[in-house]
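Asker: Here it is: the structure, laid out below.
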Amino acid sequence: KNGLFKLYGAYDQTQFKLMQDDIDIPEGISFQLKNKNFYSNMNYEGRLGERWRLFAGGGYAYSRTDIAPHQDQIVSEERSYHAKLKLSKRFNSRFKLHFGAEQFITDFTETYSSQAASTPFSLDAGFQNRLSAAYAEADLIFSRKLAVKGGLRGEYSQIFKEFTLAPRASIAYKVGSNSQFSLAYGNFYQLPDAEVLKFQPDELSSRKTEHYILNYLYSANNRILRAELYRKSYRDLITYDTDQIAGSTDFQNNGNGYAQGFDIFYRDNETIKNFEYWLSYSYLDSERLYRNFPRSATPNYANAHNVSVVGKYWVENWQSQIGASLAYASGRNYTDPNRPGFLQRQTKDYLNLSLNWAYLISPQQILYVSVNNAIGYKNMNVYQYASTPNSEGIFDRRTLRPAADQFFFVGFFWTISEKGTDNQLDNLN
């Protein structure tokens, strides 16, 4: 009567084997993957009296991954537990308080074995960690135009024997009946990845991120405009000086970096009858000095420009929705060993124009046809260079490209609901 209890569980299993091309091994590399994942959570949310609300929940996750690349085998298992308790009280229409606690428990093990060397060997690694956290947040509404949220989160990591405090705050101000500005600031701490923690390095600490975000939002008459300007700085990133991470690697918290840029999004479902479109553009300027980087550089996953254009038109006489989408991404950095420098070159830009048609057979049944990369643009992922130079002193390379430049899809969607009119038309782009 006063609350709601939810229980959720999911399991998936994957297995595949393939022969992977490699520039150093003409016959290719045999690669096999087996993976099992289980996840479950349960939570309760309800009222405690007139002004209090309670949220309590817990989750468990198990993952086992067995990877067999070439003559090696890597078996990893991870068990994770999460418990959370949150209490909220609304004192009046202008002030609301939230506070709670969380507990994260992680148990990770990994076994690496190799038959490639003249003497086969195996290596065991892993870690256990308990992360305890407590937090408090307050919502303050000063007027119809001004609202402020502030909070403080404290965490204790058992593996590092480290306590951190992270303040966070945001302020929102309405500049019109349909628009507002907001400004947010926050500190966030994150543990290193499992590939580092599994070797239980001494004298490391959590990585720290500091966020500044300025946001503008306009929403009216089936139109939305959102613009965001941000700056994020990173401290205490993990650094090391070996080509590959191993048990003998010397890890340090000497890294740093930043990410700054802006995002613009506009969606319009009003200007042209039966036509909906949205446009988005993002710009990113980012550098990192971390891992085994010899200098601060833009990582290969951080490209500067991304553009997306999507349009959908409903043709009443045909009972059909015709759509098109355009995606563009500027090139990503990579290192060419035939030239001096690090991450000194860029791949070609990515471009994809896709078309689709959805025919409404009945209110709940849709026949859907789409073609990806309709213009057949030759996209690429990255280059793979040989590990040693050829007789002329040049590192040979090959281009890693998608398995196919284009693909076609024909599908049938049937939505079953109580109303008898629900369908997936809005989700088909």
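Asker: Among residues belonging to the range 326-362 that are surrounded by fewer than 15 Cβ atoms within 10 Å (Cβ to Cβ) and small (Gly, Ala, Ser), point out the one that is farthest from Gln424 (Cα to Cα).
Answerer: If we take residues in the range 326-362 being surrounded by fewer than 15 Cβ atoms within 10 Å (Cβ to Cβ) and small (Gly, Ala, Ser), then Gly341 is farthest from Gln424 (Cα to Cα).
Asker: Tally time: how many residues in the range 104-128 are farther than 30 Å from Leu48 by Cα and in contact (Cβ under 8 Å) with a residue 24 or more places away in the chain?
Answerer: Keep residues of the range 104-128 that are farther than 30 Å from Leu48 by Cα, which gives 106-128.
Those left that are additionally in contact (Cβ under 8 Å) with a residue 24 or more places away in the chain: 106-116, 123, 125-128.
So the answer is 16.
Asker: Select from the range 1-56 the residues that are of a type in the set (S, T, N, Q) and surrounded by 12 or more Cβ atoms within 10 Å (Cβ to Cβ) and list them in ascending order.
Answerer: In the first step, residues of the range 1-56 are kept if they are of a type in the set (S, T, N, Q); the result is 2, 13-15, 20, 30, 32, 35, 37, 40-41, 43.
Ser30, Gln32, Asn35, Asn37, Ser40, Asn41, Asn43, listed by residue number.
Asker: Still on this structure, I have one more. Mind checking which residues of the range 78-92 are more than 11 Å from Asn41 (Cβ to Cβ) and either of a type in the set (A, V, I, L, M) or more than 32 Å from the chain's Cα centre (by Cα) (or both)?
Answerer: Leu85, Leu87, Lys89, Arg90, Phe91, Asn92
Asker: Inspect the range 84-103 for any residue being touching a residue at least 12 places away in the same chain (Cβ under 8 Å) and touching a helix residue (DSSP H, G or I) at 6+ places or on another chain (Cβ under 7 Å) and give the result as yes or no. Show your work before the answer.
Answerer: Going through the range 84-103, the residues touching a residue at least 12 places away in the same chain (Cβ under 8 Å) turn out to be 84-91, 93-103.
Subset that is touching a helix residue (DSSP H, G or I) at 6+ places or on another chain (Cβ under 7 Å): none.
Checking the range 84-103: not a single residue is touching a residue at least 12 places away in the same chain (Cβ under 8 Å) and touching a helix residue (DSSP H, G or I) at 6+ places or on another chain (Cβ under 7 Å).
Asker: Taking Leu165 as the residue in question, decide whether it is more than 30 Å from Leu217 (Cα to Cα), surrounded by 14 or more Cβ atoms within 10 Å (Cβ to Cβ) and in contact (Cβ under 8 Å) with a residue 12 or more places away in the chain. Spell out the reasoning first.
Answerer: On the way: more than 30 Å from Leu217 (Cα to Cα): yes; surrounded by 14 or more Cβ atoms within 10 Å (Cβ to Cβ): no; in contact (Cβ under 8 Å) with a residue 12 or more places away in the chain: yes.
No.
Asker: Something else about it: Scan the range 375-393 residue by residue and report those that are in contact with a strand residue (DSSP E or B) (Cβ under 9 Å, 6 or more places away or on another chain), part of a loop (DSSP other than H, G, I, E, B) and of a type in the set (Val, Ile, Thr). Break it down into steps so the answer makes sense when it comes.
Answerer: So the first thing to find is which residues in the range 375-393 are in contact with a strand residue (DSSP E or B) (Cβ under 9 Å, 6 or more places away or on another chain), and the list is 375, 377, 379-386.
After this cut, where a residue has to be part of a loop (DSSP other than H, G, I, E, B) as well, the list is 375, 377, 379-381, 386.
Scanning the range 375-393 gives a single hit, Ile375.
Asker: Moving on. Can you tell me which residue within the range 307-322, out of those that are touching a Ser or Thr at 6+ places or on another chain (Cβ under 8 Å) and modelled with pLDDT of 95 or more, is farthest from Tyr290 (Cα to Cα)?
Answerer: To start, the set of residues in the range 307-322 that are touching a Ser or Thr at 6+ places or on another chain (Cβ under 8 Å) comprises 307-311, 314.
When the remaining residues are screened for being modelled with pLDDT of 95 or more, the result is 307-311.
Numbers: Val307: 28, Ser308: 30, Val309: 34, Val310: 36, Gly311: 40 Å.
The qualifying residue farthest from Tyr290 (Cα to Cα) is Gly311.
Asker: Same structure again: Out of all the residues in the range 45-65, which are farther than 15 Å from Tyr81 by Cα and within 27 Å of the chain's Cα centre (by Cα)?
Answerer: Narrowing the range 45-65 to residues farther than 15 Å from Tyr81 by Cα: 45-55, 64-65.
Result: Phe55, Arg64, Thr65.
Asker: Could you list all residues from the range 394-429 that are part of a strand (DSSP E or B) and more than 30 Å from Ile366 (Cβ to Cβ)? Steps first, please.
Answerer: Of the residues in the range 394-429, the ones part of a strand (DSSP E or B) are 397-400, 407-414.
If the condition is that a residue be part of a strand (DSSP E or B) and more than 30 Å from Ile366 (Cβ to Cβ), then Arg397, Arg398, Thr399, Leu400 are the ones that fit.
Asker: From the list Asn356, Asn352, exactly one residue is under 26 Å from the mean Cα position of the chain (by Cα), modelled with pLDDT of 95 or more and among the polar types (S, T, N, Q). Which is it?
Answerer: Being under 26 Å from the mean Cα position of the chain (by Cα), modelled with pLDDT of 95 or more and among the polar types (S, T, N, Q) holds for just one of Asn356, Asn352, which is Asn352.
The values are calculated or read from the model by the stated rules, or taken from the named source; none is laboratory data. Owing to the predicted nature of the structure, the values given are computational and were not obtained by experimental measurement. Here Cβ is always computed from backbone atoms with ideal geometry, including for glycine, and neighbour counts include all displayed protein chains.
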